[in-house]
1. Among Glu236, Glu146, Glu44, Glu23, which comes first, then next, by fewest other beta-carbon atoms within 10 Å?
2. Contact order normalised by length for the chain, with contacts defined as Cα pairs under 8 Å and 6 or more residues apart; what percent is it?
3. So which residue, out of Ser221, Ser115, Ser166, gets the largest mean-square fluctuation from a GNM of the chain using Cα contacts under 10 Å as springs?
4. Considering the options Met160, Tyr28, Met230, tell which one lies farthest towards the positive end of the dipole of the chain, charges being +1 on Lys and Arg and -1 on Asp and Glu at the Cβ, about the Cα centre.
5. Connecting C-alpha atoms closer than 10 Å in a GNM of the chain, tell me which of Asp199, Asp226, Asp17 has the biggest fluctuation.
6. Starting with the fewest neighbours, write out Ile69, Ile50 ranked by other beta-carbon atoms found within 10 Å of each beta-carbon.
7. Using the C-alpha gyration tensor of the chain, what are the square roots of 5 times its eigenvalues, in whole angstrom, with the largest one first?
8. What are the DSSP H helices in the chain that stretch 15 Å or more along their long axis, judged by alpha-carbon atoms, and whose average Kyte-Doolittle hydropathy comes to at least 0.0?
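Bear in mind that the values in this text are calculations on the coordinates, not laboratory data. Model, not experiment: these values are computed from the prediction. Every residue, glycine among them, receives a Cβ derived from its backbone with ideal geometry; neighbour counts consider all protein chains shown.
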Amino acid sequence: MNKSITILTYHTIEPEDSNRIYEGEKFYNITPAMFREQMLYLKENGYTTITIDKFINSATDNDLANKPILLTFDDGHISHYETVLPILKEFGFTAAFFLVVNDIEKKYRVNWKQSKTLKDSGMDIGSHGMNHKILNGSSYFNLVSELKSSKIILGDTLRMNIRAFSITRGVYSKKISTVARGMGYMLVFTSFTGNTSIDSDPYCIKRIVMLKNYSMKDFISIVHKDPVFMIKKRLEQFAKNGIQKTIGVRNYDRIKNAIFSS
Ligand SMILES: [Zn+2]
């Protein structure tokens, strides 16, 4: 069996004219109306949202839902509590919320009470670090501090075991995963684009980051695991990561043409 799970990453869920989103967040913002439409699509088309527990057990779990999907929310934006939670409840869905410890209680972010309500409503809580720093290239000491302190503080305050870490700013390194494993995390979520199958590395989980300009048609392509859409997304990610600079424009074009002509 090679059942794959689509994991979506959301950031802010705010109206387009919201003044509660920072410049760098606008690119990822999904309006509440669009988010609701997406959830309605999942509901009407028989998708089941799965929990972190279910995901961890998916390798051995034979009754994993037929159309499993894992919804993740990074950064602890206030809209996760105010807008997302009521919509998820309406559809009977669950999601995982990755919180930045030192951002909790800050402007436009959830506070501890709201984080507790998310947890008590059956939502998963994971760590997104202490400070939302780029961890790639961090010293071992810094990595331990970001991963271990956030796990302990979130776990103690919310009275739960924090088992999942979402890599901050999407910059992955093997060292982060190694430290996370040592700290007792069971899953590390990245911003690498793709679907995750049950035999994927649990310390380097791919997701699909939702973007402001995605239409419903794009959303449907994503949840249907449309391979052409995925290839396009991966190419965009290559470009974003500066691979083009590394391998040269000519090689980049050659690879791109080879993929699209096949
Ligand atoms: Zn983040």
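1. In order of increasing Cβ crowding within 10 Å: Glu23, Glu44, Glu236, Glu146.
2. For the chain, the relative contact order is 19 percent.
3. Highest fluctuation among the options: Ser221.
4. So the residue we want is Met230.
5. Asp17
6. Ile69, Ile50
7. With the √(5λ) rule applied to the chain, the semi-axes are 27, 23, 20 Å.
8. Span-like helices in the chain: none at all.
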